[in-house]
Each structure stands twice: as C-alpha cells, then as structure tokens.
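Novice: Sending over a structure as structure tokens; questions will come in a sec.
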Amino acid sequence: MHLELAAQLTIDGLLLGGVFALAALGLNVIFGVTRIVNLAHGEIIVLAALCASVAFQQRGITPIAMLPFAFVGGAVLGAILERIVFQRLPSDPAGAETTSLLLTFGVAYFIVGFSLAVFTGDFRSTPYLTSGLQLGPISIGESRLVAFVAAIAIAGALAVLLRATPIGRALRAASQNLEGARACGIDIGRMRTISFALGSGVAAAAGSLFSMIYAVNPDSGSQFTLLSFSVVALGGLGSYAGTLLGAAILGLAVSFAGFFGSAQLGQVMPYVIFIAVLLFRPNGILGKGAA
Amino acid sequence: MSDRRIAISLVVLLVCAIVPPLGSGYVQSVFYIAVLYVALSYGWNLIAGYAGYLSFGQVTFFGIGAYAVALGVTRLHLPWLLCAFAGGAIAAILAIPLGYLMLRLRGAFFALGMLGLAQTTRIATETAPFTGGSSGVYLPPGSNTLPAYYWTLAVLALAMGLTLWVDRSAFGLRLRALRADERAAGTLGVDVTRFKVIAFVLSAIVPGLLGGGYAWYLTYVDPASMFSTRIELQTVAMVILGGIGTYWGPLVGGALMSQVSESLGARFPQGHLMIFGGLIVAVLIALPRGIVPAISPARARRAARTAAAA
Amino acid sequence: MSHTFFSRALAAALACATLGLVVPGRTFAADQSPIVIGATISQTGSYAVDAKYALEGYQLWIKEQNAKGGLLGRKIELKTYDDASDPATAVSLYERLIDQDHVDFIVGPYSSAITAAVANVAEKHKMPMISPEVSAAAPFSRGLHYIFMGISQSTHYVEGAIAIAKANGYKRVAITGEDSAFPRSIAGALPDITKAAGLEVVYSELYPHNASDYSAVVAKIKESNADALLSISYFPDAIGMLRALKQANVAPKLVYFAVGPTELNFGKEAGKDADGVLATTNWSANLKTPNNAEFASDFSTTYGTPADYHAAANYASLEVLGAAILHAKALDQEKVRDFMANTKMRTVLGNYEVDPATGLQLGYTSLTLQWQGGKQYIVAPAAMAERKAIVPFADWSKR
C-alpha cells in the first residue's frame, strides 16, 4: 500500500468521522442529560435534510444559510416534543427508561409518517458544494470538509456552553446527579426541555448539512439513529470530546475496512465496534456516566 | 383465575384452528398474518416484557429460521417441517452465546445493539456464499398456506404456553424482579445472568420457529425481507399497545393493530404511519403500561406488586 | 368482574371478526357489470419510490379504453390496494381481490420478492398475471404457467453500455452496484457478457443498500484504473457514487448507472455532473411504437408530469391484457392465458413476445440513455437512437 493511498484513506476516514460526529452530537446532548435515547433522532436529521433540500431547489437557500433556521426549527420541535410526550413517566427508573424508549419510538413513527405525507417517498438532496478540493494527490470533498468543521465547532460550542454558562452548569448538574440537582433548586423538567431543544436543534443543523452529502427520503432516519448511537456509545456518554474521538475511530474503521475488506464490512463496522467496545469498556472510551 | 386464562386461550386457539379451512384463501391469509404477528409479539414479550430488556433485533432469529427452511429445502432436500424445527433449534443455540454477550448491555444500549445485530446478520446473509446472497432463494412454488398456517398456530400455542408459565412460575417472578431492579435482584440471590439468558433464548426460539413457516408460505426468501426492520417494529408496536409484560397484551395489541392497520392503511396509505405513531404515543402517555392493564386494574396492581416486591 | 367482562368482550370480538370474514360478498349480475382488473401497488414502504407511477400507468390505459367504449361493450374498472412493499401483505391482498372483490383479471405487483409470493396465488386460482416490473429471470424459471414478464429481461440491461465501451476501446471495466436482488441478477451475468465483448473486469464489488459511504468503493475504482464504470445503482446510491467520484476526482471514460439516472430528478440533483452519465430505460416518449406519442402526451396532460418507463410498462401490460380479452371474446382465464403466452404484438414498449414455456420476455429490448445538456436522450440501439453517445465522460474540472 503506497503512501498516497494511505493518506487518502485516512483523510476519507476522518472526513467521514466528521459526518458521524455531526450526526451524533445532538443525541449525546439529550442522552447525556436526560438518559433518554431519542429514537426519533435520525428522523429529525432527515426531516431537516428534506427541508433543506426543498429550500434549495425552490428558493436557492444554501444549506449553510439554512443552518440557523434548521437549528431553531429543530430546537422548537424538540421542545414541543418534550413538553407533549415526556410529562408523565412512571416513577421507577426501569419503567421510566422503558417507557421513554418506547415513546420516542412512537414519535419516530409519527415523524416518518409526517415526512412521507409532506415530502413523499422521493429521495432528495442538495447539489451544493459537491466538488473536491485537490491538495496534491489528495482529494477532499467540500461538503464533507464543511461537515467536519461544523462538527468540531458545534462540539466546541457545546462544551463551552456546558462549562461556562449558568444554564450549562445546571444541565451538567442534572445529568450527574438528578436528586442532588433537584435539591439545589434546579427545575429538572426545564432542564429536560432545554436539552431536548438543544439536541434536536443540533440534529437539525446536522441534517441541513447532510443534504449536501446524502440523498435521503423519510425512511432513511433509522440508519442515522443507529450510527449516532454507535458513535456516542463508543465515545462515551456526556463527553463531546469522546463523540469526536469515537466518530473519528469509526470513520477510519469504515474507510479502511471498506477498502481492504469489502463495502459490506465497512458498513457493519460501526455496529461491530460499538458492541465490542461496550462489552469491554461499558462506559465507552471517554465516558463518565454508567452505561 | 389462571384456569380461566387457559380456557380462554384454548378457545382462541380452537377458533383459529377451525375457521381457516372453512374460509376462502383470503380468510386463510388474514388468519396467517394475524397469528404470525401475535406469535411474534408473544415471543418478543418474553424478553422485553418479562425481563425488561427491549430488543430491536429479535427478527435476527426470525430470519435464521426462514433461511433454515429455504436452504434446507433447496440445498439439502429435506422436508420443510424438519427444517422449520431445525430453525428453532439453531436460533436457540445461537441465542445462548449471543445472549451472554448482548445482555451485558442495558436499556437503550441493548435495544440498539440488537438492532445492529440484526443489520449485521442481514449484511452477512447478503455476502455469505451459501445463502444465495441478496438474490434470495426460491423455494418450490406452491400454495402452502394451510400447512404454514398450522405450524404458525402451533408455535403461537407454544409461545402462549411459555408466557403463561413465565407469568405464573417462580422463574417468572425472579425475572420480573430483575426487570424492576437488576442490582437489587442480584443482591437478593437471583442468578441474574442465567435467568436473563434463559428468557432471551425462549424469546429467540419463537421467531426462530416462525421464520420457517414464513419462508414456506412465501416460497421466496431474501435478506431484506427476512431480516426486516418492518416486521420487528410492527411486533414491538403491537406489544406496546397491548400491554408489555402482561399475558393478554400481545393478543390484544396484535388484534388491535391488524384491524387499525387494515382499515387505516386502505384509506390513508400515507397518513396511517402518522396515526400509528400518534396512537403509540397517546397510549403510552395515557396508559403507560398498555391497554390490558388499563382494562384490568386488578391485574395491573398484581403486576406492580410483584415488580415492587423485589 | 373485570375478568369476565374482558373475556366476554374478547370472545365477542373474535366471533364478529370471524363471521365478518367468512360470510361471502355480494354477487353481481353478469352482463351489465364492469370488468374489474385487480392489482396491488407498493404505495408505501421501500418500493414506493420505484413504483411511483405504476398506478397512473394502469389508470391511464383504463381511462383511454373506457373512452373508446370499454372492452366487450363493458366498462373497465381498476381495484388496487397498497401492499406496503410487504410480500405477505401482497399475498393476502391478491387473495382478497380474487375471493372477496371478485376481480375478473389480475396484473402483477412490483419486485421479485412480492411477485415470487403472489405467483402462487395466481397459479392456484389459474389466473394469468403479467408482471410489468420484474425483469429478473429467476421468478420465471419455476415451472409456473400463469405469470408472464411484461418488461425486458435484466440480462439485456447493460448491453448498450458495453457496446459503447467496446466501440471506443474502453477495455478495463469496473463493476459495482447495490447488493440487492435486481443488481445481483445483472452483475451475475456481467462477467460472461464482458468477456464475450473482449473487455476485462478489473474490479467487481457490490455495496450494501443504504451505504453510508462510497469513498472506499471509489478509491478501489481509482486504484483499478478502470476505463469504464458499470454501476447497477438506483437513485440515492447513484447520487452518492457520482458525488464520491467527483470528490475524489475520479472520472472513468464511461460512467453508467443502470437505474438511478432514468429518473427526471437526476438532472436536478446532479446538475452539470449528470452530463455524460449513461443509464438503461425500457421506454422513451420518442419511441416509434404504436400509440406511444398519444400515451406520452395524454399522461403528462392528465398527471402533470412526464411518464416514465414504469408507467409505460404498466400501461403496456394492460394493452396486452386488453388484447387478450378481445381475442378471447369472453372473460375466459385460459384463453387469455394462452394469448399472453403465444401472441406477438406491439405495445408502447415495443415488441411483446414471451417464451410460451416460461413466460420470460423475449421481444422487448432495453434502451440506453445518456444525459446531455441537462436532458435525457436515447443513444442506443442505433435504430432507436435520438443522438449519438458522447464519450469520454468529461473531467470534473471541465464542466
């Protein structure tokens, strides 16, 4: 294997990692704070991607220009979902976990139906930034570079938010010790709503950028959910650096396995790795909370 | 009270046994689909409802059963029924190591880990040389509805029997204890791992047996249709609606959902997914334990008491 | 008390459900009743996008035929259900169409998987069924007598592209595609076809459905130094592959994507990058087949969108069924079946002719199209070409 190829595969892997990280960050926000796995996560990404694609085709609004709208739209959606759906959970933690998993499952179904009704089953994407930059023998896809940069930027912003702002500190407190946070006067319900809003907003932003990379239709959501979950599980809950690291590892694994093994092997890498890691390191690589 | 449950179950099974041969091909196919999904629901309920481990990947075993029949009949020229039994056996054997492995994960990790497993199995089937890959396997054509149906009905009886046993037995009690609080159950002396794996294996045998009937019914298998997320999600939805962890839940959920699906699907092909999702959310909010415990508060109280007893 | 209530309710519900199913439907008076044609359509589920205009294809033929007085002096009606892309559901619905709705004739559903299962129903009831959307040979090699292929065989698909490659001296061929039934059936036949054409396969691999990344595949195509890329891709993966090729700056001299680029959206999605891409279609609005121009314009007027080959294939299948009914002068399943097996006739798709023993389509051919200047043009075979194929595929920087 010569150097050029190795370099190209590595770049491809890291860029893919950027895409994975972008997808996973929103899930980590919600999961990290509320311990709720939002099974509708992929559907929110896809809904945003579909909206971005239509916005481009009909109004010429680029996915980058769409980012703030996508974020706000996603945040509002997340907040509404949380308010309607998660108000009454069983008091025992096992029951609450089961019920919330099933609730988001129902929400996912609903969003798929809604997307199908509005957008039909057609595959849509945004033909923007489709070229590759040439750095000598290495090619770097423009849209992927944007996703990569966005992932790092968003992860950084989230980390700053959680550490430096009062709301962020409250969110972190709620994620670390629910009862303790409540005792300190933190409104847990409000924290949950905020984390859902934040997580969904980030997911929608990711979706907007994804429309440049993938052609999606309303049924495409579940792959993103599974992929995001693999990344978060691998990198560790509550750690955004972990998400970036886990995504990078998975991206590289897919890239190299896809080349030296087969495309199918590349496709199953995320699942295989995440299961393997969870069995030997249940908290993920940089995880803090219990799995 | 449990005698009444057995009596009603037998009546249901008897009706299901007598009616189809008297009806048209359509009636038979409707019964087949209904019985298939109710049986799948009972199977899923064992690991998800009683043990509290929600799996989004039981269809892995369904597909294994389907391929056991498809390959056994076309490559080894064995009678399909034998292959269907073998499918169940293979599913059980594979479920043991898989169970020990996957059940170390909890909650959402387990759920999505199992989904990942189902996807991986699907892709493995597409690439393995002996499975016919993504082209699938064509079984000898024929109208196999009734034989496939009676096999499926027999598996339903088995699944209901297993559920009844789990519901009433000491094993079931311990299972529900670990569902409520695994660590506490462990400290009380429950061999948590062993019980979880047993529940997982039982929950794998049911779809493993059913898959074979499905292959025989359709006379064609391919990875996408056999390891189908659609089948998995429908099963999950049925049990949620009916009442997860209860005896009648899968039956009520299954019957309800096929009716809703049929009437809605015809009138609103696009919209009915939205209605479905909305229904699931509404039922979970209003009736967090599903429909059956809501209708029968005494039973719900009993279930809650045994859960809390651990 | 709640137990007895519950059990009684359950028993009552079961009884009602059973009775509802067992009591037979109404019977119609023989002469004035319309001729009913039944089918399932994949309106939801994974096949929904591919089977998009299937319903409209059927509806248009029926509308046109009724305007001309129907068949045998009777109006024609269509009865369809959504099979949700699920084989078991489709089987049940076809039984319903036949047993409950008493349709007079049936036409086939989308996909090999569903057709393989539904074929048993057709065979059991001895009702002939044309399959307008299944081009793989396997479902027709099972010794069944009542199904017929209503579209050209998949093995012919890549012939046009291969001929172009051969004519231009593009000897090194890379073969990829989605790992699902239809691409596999084509990819399986390709090694022999390419060898016969004197081409060398330098890379061959199928990628999984819904792949999250195509860069590794593209890297391998690059490494193999292929001149021609034959990729049996549907729409989303064709877009994914095309983008990956562009981002890696890989431009084989011939780029072929089987199915994806036949969609009109492809030009919109890919913009200038679509130019030069080859694909295979089974129909074109400019085809000089009987009634084709009227069909094409009628379709766009009625449905506000141009017809595609799925709609045309479904329309053509009813052309054959209609001709069979007229020939039989009665609603006779056996006579219609024999006609379908033995006739040679022209439809909007071309020359319908099947192998009487298996039902495999022998007459229809495939057309190779190419995107040029943002539009689709037929470039092969020569007799039906609208324009010449433009090769090589232009470099990415020169667009």
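Novice: Grab the helices (runs of 4 or more DSSP H) fully contained in region C:190-270, keeping just those with 1 or more residues being without any contact (Cβ under 8 Å) to a residue 24 or more places away in the chain.
Specialist: Helices (runs of 4 or more DSSP H) meeting the threshold: C:215-224, C:265-270.
Novice: So, in region B:279-295, of the ones that are facing another protein chain (nearest Cβ under 7 Å) and at pLDDT 70 or above, which residue ends up nearest to the chain's Cα centre (by Cα)?
Specialist: So in region B:279-295, the residues facing another protein chain (nearest Cβ under 7 Å) come out as B:280-281, B:284-285, B:288, B:295.
Within this subset, residues satisfying the condition of being at pLDDT 70 or above are B:280-281, B:284-285, B:295.
Details: B:ILE280: 18, B:VAL281: 21, B:LEU284: 20, B:ILE285: 24, B:ILE295: 23 Å.
By that ranking, first place goes to B:ILE280.
Novice: So, A:ILE186, is that one under 23 Å from A:ALA40 (Cβ atoms), of a type in the set (A, V, I, L, M) and touching a residue at least 12 places away in the same chain (Cβ under 8 Å) or not?
Specialist: So A:ILE186 fails the test.
Novice: Quickly run through region A:259-269 and pick out the residues that are in a helix (DSSP H, G or I), at the interface with chain C (Cβ under 8 Å from one of its Cβ atoms) and either out of contact with any Gly (no Cβ under 6 Å at 6 or more places or on another chain) or more than 20 Å from B:ALA118 (Cα to Cα) (or both).
Specialist: A:PHE259, A:ALA263, A:GLN264, A:GLN267
Novice: Filter region B:4-22 for residues that are within 8 Å of another protein chain (Cβ to nearest Cβ) and surrounded by 18 or more Cβ atoms within 10 Å (Cβ to Cβ); which is farthest from C:VAL121 (Cα to Cα)?
Specialist: In this case the residue turns out to be B:ILE8.
Novice: Look at region A:160-207 and say how many of its residues are touching a Gly at 6+ places or on another chain (Cβ under 9 Å) and under 30 Å from A:GLY251 (Cβ atoms).
Specialist: The total comes to 20.
Matching residues to (1) crowded, with 16+ Cβ neighbours inside 10 Å; (2) of a type outside the set (Gly, Ala, Ser); (3) in a helix (DSSP H, G or I):
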position: C:ASN314; (1), (2), (3): yes, yes, yes
position: C:LEU318; (1), (2), (3): yes, yes, yes
position: C:GLY322; (1), (2), (3): yes, no, yes
position: C:ILE325; (1), (2), (3): yes, yes, yes
position: C:GLU334; (1), (2), (3): no, yes, yes
position: C:PHE339; (1), (2), (3): yes, yes, yes
position: C:THR365; (1), (2), (3): yes, yes, no
position: C:THR368; (1), (2), (3): yes, yes, no
position: C:TRP371; (1), (2), (3): yes, yes, no
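Novice: May I pose another question? For region B:100-156, what are the residues that are among the polar types (S, T, N, Q), within 18 Å of the chain's Cα centre (by Cα) and either surrounded by fewer than 23 Cβ atoms within 10 Å (Cβ to Cβ) or within 10 Å of chain A (Cβ to nearest Cβ) (or both)?
Specialist: We begin by selecting, within region B:100-156, every residue among the polar types (S, T, N, Q); these are B:119-121, B:125, B:127, B:131, B:134-135, B:143-145, B:152.
So of that shortlist, the ones also within 18 Å of the chain's Cα centre (by Cα) come out as B:119, B:121, B:152.
Result: B:GLN119, B:THR121.
Novice: Residue by residue through region C:36-49, note down the ones that are more than 9 Å from chain A (Cβ to nearest Cβ) and surrounded by fewer than 21 Cβ atoms within 10 Å (Cβ to Cβ).
Specialist: The answer is C:VAL36, and nothing else.
Novice: Also: In this structure, is A:SER239 out of contact with any His (no Cβ under 9 Å at 6 or more places or on another chain) and more than 7 Å from every other protein chain (Cβ to nearest Cβ)?
Specialist: yes
Table: residues versus (1) modelled with pLDDT under 90; (2) surrounded by fewer than 24 Cβ atoms within 10 Å (Cβ to Cβ); (3) among the small types (Gly, Ala, Ser); (4) more than 30 Å from C:LEU55 (Cα to Cα).
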position: B:MET226; (1), (2), (3), (4): no, no, no, no
position: B:LEU241; (1), (2), (3), (4): yes, no, no, yes
position: B:MET257; (1), (2), (3), (4): yes, no, no, no
position: B:GLY277; (1), (2), (3), (4): yes, yes, yes, no
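Novice: Which count do you get for residues in region C:79-127 that are of a type outside the set (Ser, Thr, Tyr), buried (at least 20 other Cβ atoms within 10 Å of the Cβ) and not in a helix (DSSP H, G or I)?
Specialist: 12
Novice: Quick one: is A:SER143 away from chain B (no Cβ under 14 Å), in a helix (DSSP H, G or I) and modelled with pLDDT of 90 or more?
Specialist: Judged against the criteria, A:SER143 is a match.
Novice: Pick from region A:30-43 the residues that are part of a helix (DSSP H, G or I) and over 23 Å from A:PRO127 (Cβ atoms): which of them is farthest from the other protein chains (Cβ to nearest Cβ)?
Specialist: The first filter runs over region A:30-43 and keeps only residues part of a helix (DSSP H, G or I), leaving A:30-34, A:41-43.
Within this subset, residues satisfying the condition of being over 23 Å from A:PRO127 (Cβ atoms) are A:30-34, A:41, A:43.
Working: A:ILE30: 11, A:PHE31: 8, A:GLY32: 13, A:VAL33: 14, A:THR34: 12, A:HIS41: 11, A:GLU43: 10 Å.
Applying the filter and picking the extreme gives A:VAL33.
Novice: Within region B:156-194, which residues are among the acidic types (Asp, Glu) and assigned to a helix (DSSP H, G or I)?
Specialist: Those that are among the acidic types (Asp, Glu) and assigned to a helix (DSSP H, G or I): B:ASP167, B:GLU182.
Novice: Confirm whether C:GLY169 is within 8 Å of chain B (Cβ to nearest Cβ), free of Cβ contacts under 8 Å to residues at least 60 places away in the same chain and surrounded by fewer than 21 Cβ atoms within 10 Å (Cβ to Cβ).
Specialist: Numbers: within 8 Å of chain B (Cβ to nearest Cβ): no; free of Cβ contacts under 8 Å to residues at least 60 places away in the same chain: yes; surrounded by fewer than 21 Cβ atoms within 10 Å (Cβ to Cβ): yes.
Judged against the criteria, C:GLY169 is not a match.
Novice: Please enumerate the residues belonging to region A:54-99 that are within 9 Å of another protein chain (Cβ to nearest Cβ) and of a type in the set (Ser, Thr, Tyr).
Specialist: Selection gives A:THR98, A:THR99.
The values are calculated or read from the model by the stated rules, or taken from the named source; none is laboratory data. Predicted model, so just to flag it, every value in this text is computed and none were measured. Cβ sites come from the backbone with ideal geometry, for glycine too, and all protein chains shown count toward neighbours.
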